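As structure tokens, the structure follows; a few thoughts come after it.
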Amino acid sequence: RLPGIGRRSAERIAYHVLAAPTDEAMALAVAVRDVKRNLHPCAVCGDLTEKERCAICDDSRRETGTICVVEWPREVRAIEKSGEFRGRYHVLMGRLSPLSGVGPGDLRIGVLIERVKAGDVSEVVLATSPTVEGDATAAYLTRRLHEDAAGVTVTRLARGLPAGSDLSFAQSGTIGEALKGRK
């Protein structure tokens, strides 16, 4: 039932775990348990962390005036791999999808608006996926930020990313170019 793992891969993994020494198999079980017990959203940005605040929010060398908004924590990793972004992040934990019943109240949009209004934020980079839902989320956020946080520049990643794909699957060089060409 894991994404990306089909029936044959699942069988290979199951047989590998069965053939592994007990301590190795149990170490895997403990690692899965610890992930569920210890990881939680950062109090500031919503990325996953074991502490109160994530390492990026605690890094005083990061630019505080720029916030990059992503849909999921995995996209923070994808953008960080590019080496092109030195600001901070905000994780929405999804994207608008009326057909799936996901509205603005289901995402961390209110927290974003409050962060922008309360801080010294000059730019919000919308790094939602280039899909219909990602574009709708970006359009909604642009409208809300212009209404509720006047004076903040709202940019969107340049189109160099493949349309209809998930941001977390893009190559780091492609993400880097998209960040450089944001508008």
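The values are calculated or read from the model by the stated rules, or taken from the named source; none is laboratory data. What you are looking at is a predicted structure, and each value in this text was computed from that prediction instead of being measured. Note that each Cβ is placed from the backbone with ideal geometry, even for glycine, and that neighbours are counted across all protein chains shown. Just the protein is used for accessible areas: all its heavy atoms, side chains included, with ligands, DNA and RNA removed. Shrake-Rupley method; radii C 1.70, N 1.55, O 1.52, S 1.80 Å.
On a 0 to 90° scale, report how tilted helix 73-82 is relative to the longest principal axis of the chain, with both axes built from alpha carbons and the result rounded to the nearest 10.
80
Between Leu48 and residues 5 or more places away or on another chain, which pairs have amide H atoms under 5 Å apart, with H built 1.01 Å from N, and which residues are they?
Those qualifying (amide H under 5 Å, at least 5 residues apart or on another chain) are Cys42.
Among the aspartates and glutamates, which fall within straight-line cross-link reach of Lys183, defined as a Cα-Cα distance under 12 Å, with same-chain neighbours fewer than 8 residues apart omitted?
Result set, ordered by chain and number: Glu123.
So for the chain: antiparallel DSSP bridges make up what percent, rounded to the nearest 5?
The antiparallel fraction comes to roughly 20 percent.
Starting from the Cα-Cα distance between Ala25 and Glu84, subtract it from 0.36 nm times their residue separation and give me the gain in nm to one decimal. The partial results should precede the final answer.
Values: separation 59, 0.36 × 59 = 21.24 nm, distance 3.87 nm.
The span from Ala25 to Glu84 would gain 17.4 nm if fully extended.
Per residue, how many Å² of accessible area does the chain show with a 1.4 Å probe?
Ligands and nucleic acids excluded, the figure is 58 Å² per residue.
Compute the FRET efficiency between Ser100 and Arg159 as 1/(1 + (r/R0)^6), taking r as their Cβ-Cβ distance and R0 = 22 Å, and round to the nearest 0.05.
0.35
For segment 115-183 and segment 48-76, what is the centre-to-centre distance using only Cα atoms, to the nearest Å?
15
Lysines within cross-link reach of Lys180: Cα-Cα under 22 Å, excluding same-chain residues under 8 positions apart?
Lys81
Given a 1.4 angstrom probe, I'd like the percentage of the accessible area of the chain that is carbon and sulfur, rounded to a whole number.
That share works out to 55 percent.
Can you work out ³J(HN,Hα) from phi for every residue in segment 145-158, in order, using Karplus 6.51 cos²θ - 1.76 cosθ + 1.60 and θ = phi - 60°, giving whole Hz and x for Gly and Pro?
The phi angles translate into 5, 5, 6, 9, 9, 3, x, 8, 7, 10, 10, 10, 4, 5 Hz.
Between (1) 33, 19, 16; (2) 28, 20, 14; (3) 26, 23, 14, which matches semi-axes √(5λ) of the Cα gyration tensor in Å calculated for the structure shown?
Given (1) 33, 19, 16; (2) 28, 20, 14; (3) 26, 23, 14, the structure-derived one carries the label (1).
Could you sort the peptides 147-160, 1-14, 67-80, 119-132 by per-residue average Cβ neighbour count (10 Å cutoff), highest mean leading?
Order by mean packing, descending: 67-80, 119-132, 147-160, 1-14.
What does the helix-only formula give at 222 nm for the chain: each DSSP H stretch with n ≥ 4 adding -39500 (n - 2.57), the total divided by the residues, and the result rounded to the nearest 500 deg cm²/dmol?
Rounded to the nearest 500, the figure is -13500 deg cm²/dmol.
Using only the alpha-carbon atoms, how far is helix 7-19 inclined from the longest principal axis of the chain? Give it as 0 to 90 degrees, nearest 10.
Approximately 50 degrees, to the nearest ten.
Give me the number: length gained by fully extending Glu114 to Lys51, i.e. 0.36 nm times residue separation minus the C-alpha to C-alpha distance, one decimal in nm.
20.5 nm
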